[in-house]
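The block underneath contains the structure these notes are about, expressed in structure tokens.
The values are calculated or read from the model by the stated rules, or taken from the named source; none is laboratory data. Predicted, not measured: the structure shown is a model, and the values here were computed from it. Counting neighbours? That spans all protein chains shown, and the Cβs are built from the backbone with ideal geometry, glycine included. These accessible areas exclude ligands, DNA and RNA; they are computed on the full protein's heavy atoms, side chains included. Shrake-Rupley method; radii C 1.70, N 1.55, O 1.52, S 1.80 Å.
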Amino acid sequence: MTRIVPVATFDYVVFGGTGDLAVRKLLPALYHRYLDRQIPEDARIIAASRSEFDRQTYLAHVDERARAHVPASTFDEAAWRRFLDHIDYVSVDARRDEGWNTLARTLSAAQDRVRVFYLATSPDLFGQICQRLKAADLVTPQARIVLEKPVGHNLETARSINEQVGAVFAEHQIFRIDHYLGKETVQNLMALRFANALLEPLWSNAWIDHVQITAAETVGVGSRGEYYGRTGALRDMVQNHLLQLLCLVAMEPPVRLDQDDVRDEKLKVLRALRPITAETVAACTVRGQYRAGAIGGASVPGYAEEVESAEARDAETFVALKVEIDSWRWSGVPFYLRTGKRMTERTSQIVVQFKPVPHSIFPAESGAIEPNRLVMRLQPDEGVTLHLMGKDPGPGGLRLRPTPLNLSFAEAFGVRYPDAYERLLMDVVRGNSTLFMRRDEVEAAWTWIDPILQGWAQNSQAPKPYTAGTWGPAGAIALIERDGRTWHED
Ligand code: BG6
């Protein structure tokens, strides 16, 4: 059963209101929360951006573009119209004085309510926007600020952003969003680990052989070429999403499900990551970039054809890494991470591969015993599969066969799975930052990522080509097969 707990009323100000993220994710997420009656009738969404729109033009823009990102099964014309009534638009320029008075006037009608500033803009504007919010006297005690990832481009810029934002907002008002933490399976990982006695005794190097984390996409960089060219897959996906997943798999049980207890444990994992340096980077990482190919029967162009500038052409669209955690629990258990665009299929999953049984009592004719594997699917078809060995039914001797124990959440619970942003946007209003990154976490992640970037630069490790529609460059397969293991791909 779904349970909807209405939140306090709010003003949600979305900077970057005409951008890709607002249109594709934030507005559809707010619409779904509205549809479920979680959003009070007097709440307001105020889109802000440089475009010289008036409210009607903006609403027409949203109506034309955002509605396409609401699935037909949840689209209700009357509710959508009512939802649009809650949206206002202010033209404001982060780099200039224009528009800030209008924003202040719009907000002045409701001084005491929760006020969220969502910065869906380039991170180099974060500091300036905060300064201007302060100068316009908009930072009330009930204000919160949401920073989209990546926070910074490296440790130095992340620190500087954190300083600038921290000069205006207290840490408890700052929400550094990583939408992977809002995915159902990711939260379910905590339930599986800590609400069952069964797994935790096995959750260590005593019984686990290795862990794989994959986030594969079929989409290319599309219209985000400029951003992507400056960023690349390591900064775009690994620094945040993949490392966060790794932390949730590897962390010690927090004392309680409290924002700082959970984040303290994740931080310890980040600090225990073995550094990858210029000496080890070639052995532990693989960079890739897609060339033209075909996905689902349709031809797609290569990355270099999709971006304009020469610098952008150096970015990796795929990365695979072998990561070690130097701790008692995980010593000797590699975590293999990979993420890429234009891959064979869209799939994100965590695979925990257990060790083989210590001794087989079965004769060779019974068949091979495959080690157990726990697969947590983030998308598509969220769920968990535990691969066990069983007996082939019927007579003919005891023959062993792998038997998946499959829990598909959609089938089991029969509910619509909310988009990750839906939960996170409401958590901001509630002031609950458990599923957001704390400043020290972001900086610890960059501390580990920076030497990889430096190692690549120092060794001139250029991205290896892979054909769109495949699982990445051959080196990614070699990375794991060298250790006698294979990527799990079904
Ligand atoms: C974003 C990245 O954070 O995550 C995108 O910037 C990527 O490049 C996206 O496409 C993937 O999210 P999801 O939820 O579709 O796996």
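Peptide packing: for 369-379, 439-449, the average count of neighbouring Cβ atoms within 10 Å per residue gives the ranking 439-449, 369-379, highest mean first. Put a plus charge on the Cβ of each Lys and Arg, a minus charge on the Cβ of each Asp and Glu, and nothing anywhere else: the dipole of segment 14-66 about its Cα centre is then about 180 debye. Placing +1 on the Cβ of every Lys and Arg and -1 on the Cβ of every Asp and Glu, with no other charges, gives segment 117-240 a dipole of roughly 220 debye about its Cα centre. Descending by average beta-carbon neighbour count within 10 Å, the peptides 397-408, 262-273, 326-337 line up as 262-273, 326-337, 397-408, the highest first. Which value, in debye to the nearest 20, gives the size of the charge dipole of the chain about its Cα centre, when Lys and Arg are +1 and Asp and Glu are -1 at the Cβ? Rounded to the nearest 20 debye, it is 420 debye.
Volume per residue for segment 1-136 equals 114 cubic angstrom (convex hull of Cα atoms). The listed peptides 350-359, 23-32, ordered by packing as a protection proxy, come out as 23-32, 350-359 (highest mean of other Cβ atoms within 10 Å first). Binning all Cα-Cα separations of the chain at 10 Å, short to long from zero, yields these whole-percent fractions: 4, 18, 28, 27, 16, 6, 2, 1, 0.
From the helices alone, meaning DSSP H stretches of at least four residues, give me the mean residue ellipticity at 222 nm for the chain, per-run term -39500 (n - 2.57), in deg cm²/dmol to the nearest 500. Each step should come with its number before you reach the end.
Details: 16 runs with 154 residues, N = 490.
Mean residue ellipticity at 222 nm (helix-derived): -9000 deg cm²/dmol.
Look at the dipole of segment 337-428 built from charges on Cβ: of P358, M426, N406, the Cα furthest out on the positive end belongs to P358. Rolling a 1.4 Å probe over the heavy atoms of the protein chains gives the chain an accessible area of 44 Å² per residue. For segment 160-235, a Kirkwood hydrodynamic radius built from all Cα pairs, placed in the Stokes-Einstein relation at 25 °C and 0.890 mPa s, yields a translational diffusion coefficient of 145 µm²/s. Among the listed pairs K322/K355; K149/K341; K149/K266; K149/K183; K25/K268; K25/K341, those with a Cα-Cα distance over 22 Å are K25/K268. When the solvent-accessible area of the chain is split by element, carbon and sulfur atoms take up 53 percent of it, the probe being 1.4 Å.
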